[in-house]
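The values are calculated or read from the model by the stated rules, or taken from the named source; none is laboratory data. The shown structure was predicted, so the numbers you read here are calculated from the model rather than taken from an experiment. Backbone-built Cβ (ideal geometry, glycine too); neighbour counts: all protein chains shown. All accessible areas refer to the heavy atoms of the entire protein, side chains included, with ligands and DNA or RNA removed. Shrake-Rupley method; radii C 1.70, N 1.55, O 1.52, S 1.80 Å.
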Amino acid sequence: MTGTRETLRLLDVTVAAGDGWIGEIPAGGRLRIVDLHGNQAVDTLIYDARDTANRYSAVDTVRAQGAVYLTTGSVLRSVRHDPLATIVDDTCGRHDTLGGACAKESNVVRYGEHTRHQHACRATFLRYAVTYGLDKRDLTHNINFFMNVPVTPDGGLTFADGVSAPGKHVELRAERDILVLISNCPQLNNPCNGYDPTPVRLLGWAR
Ligand SMILES: [Zn+2]
């Protein structure tokens, strides 16, 4: 299996702490995200590469699978209910799609005025989105891979210590040609990534 994959490898990049990445994965191809140092939050947006208005929908994904967390077997659905990708391998076991991506504004609300200058995922998303002609209006629901955001009994969200560890990974299979936009979260104020953003590795195969 590994040998076959070596010959088909199309992607092997390391995304630095706080940086981002954008790229296409062809239908049938796979994208593996490796949490190199553990407890890193990898904020991810997914689009139909042929029609970016057909983008990932957390609401439709959660409703269709009848569960709020994502893991192996989760089908990531679009606003038109099309399967965009399926999680086919997951050594972490829990990924959030409710908490959203951090922004300068949410940092100030959550952590205080002194964090206003800090870099946030929304800025990284925008920086890479524009290279594919996407804009602010295209930055909607996202997935936070490796992020642990437990839902409380009364329906609240809590940011908890991560459950990931160095070397854990999650792997997606593209169900159609997809565009993946990643912000490797720069968040310093949240235990989800141990107050210490770290790099992740992206591995991709054509099929
Ligand atoms: Zn973030």
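With respect to (1) surrounded by fewer than 17 Cβ atoms within 10 Å (Cβ to Cβ); (2) under 9 Å from Gln40 (Cα atoms), the lone exception for Cys185 is condition (1).
Selection of strands (runs of 3 or more DSSP E) fully inside the range 95-207 by the criterion of at least 3 residues being within 16 Å of the ligand (Cβ to nearest atom) returns 143-145, 178-184. Being touching a residue at least 24 places away in the same chain (Cβ under 8 Å), touching an Asp or Glu at 6+ places or on another chain (Cβ under 8 Å) and not aromatic (Phe, Trp, Tyr) is a property that Arg80 lacks. Residues satisfying the criterion are present in the range 85-93 (criterion: at pLDDT below 95 and surrounded by fewer than 20 Cβ atoms within 10 Å (Cβ to Cβ)). Filtering the range 160-181 to residues that are touching a helix residue (DSSP H, G or I) at 6+ places or on another chain (Cβ under 7 Å) and open to solvent by 10 Å² or more (accessible area, probe 1.4 Å) leaves Ala160, Asp161, Gly162.
Listed by first and then second residue, the pairs linking a residue in the range 47-58 that is in contact (Cβ under 8 Å) with a residue 24 or more places away in the chain to a residue that is charged (D, E, K, R) and open to solvent by less than 10 Å² (accessible area, probe 1.4 Å), with Cβ atoms under 9 Å apart and 6 or more places separating them unless they lie on different chains, form an empty list. In the range 34-72, which residues are at pLDDT 95 or above and touching a helix residue (DSSP H, G or I) at 6+ places or on another chain (Cβ under 6 Å)? Hit for the range 34-72 is Asp43, nothing else.
The residue of the range 40-58 that is farthest from Arg176 (Cα to Cα), among those that are open to solvent by less than 40 Å² (accessible area, probe 1.4 Å) and part of a loop (DSSP other than H, G, I, E, B), is Gln40.
In the set (1) within 20 Å of Leu179 (Cα to Cα); (2) modelled with pLDDT under 95; (3) of a type in the set (A, V, I, L, M, F, W, C), the condition left unmet by Leu31 is number (2). Restricting Leu98, Leu157, Leu70 to residues that are loosely packed, with under 15 Cβ neighbours inside 10 Å, among the hydrophobic types (A, V, I, L, M, F, W, C) and touching a strand residue (DSSP E or B) at 6+ places or on another chain (Cβ under 7 Å) narrows the list to Leu157.
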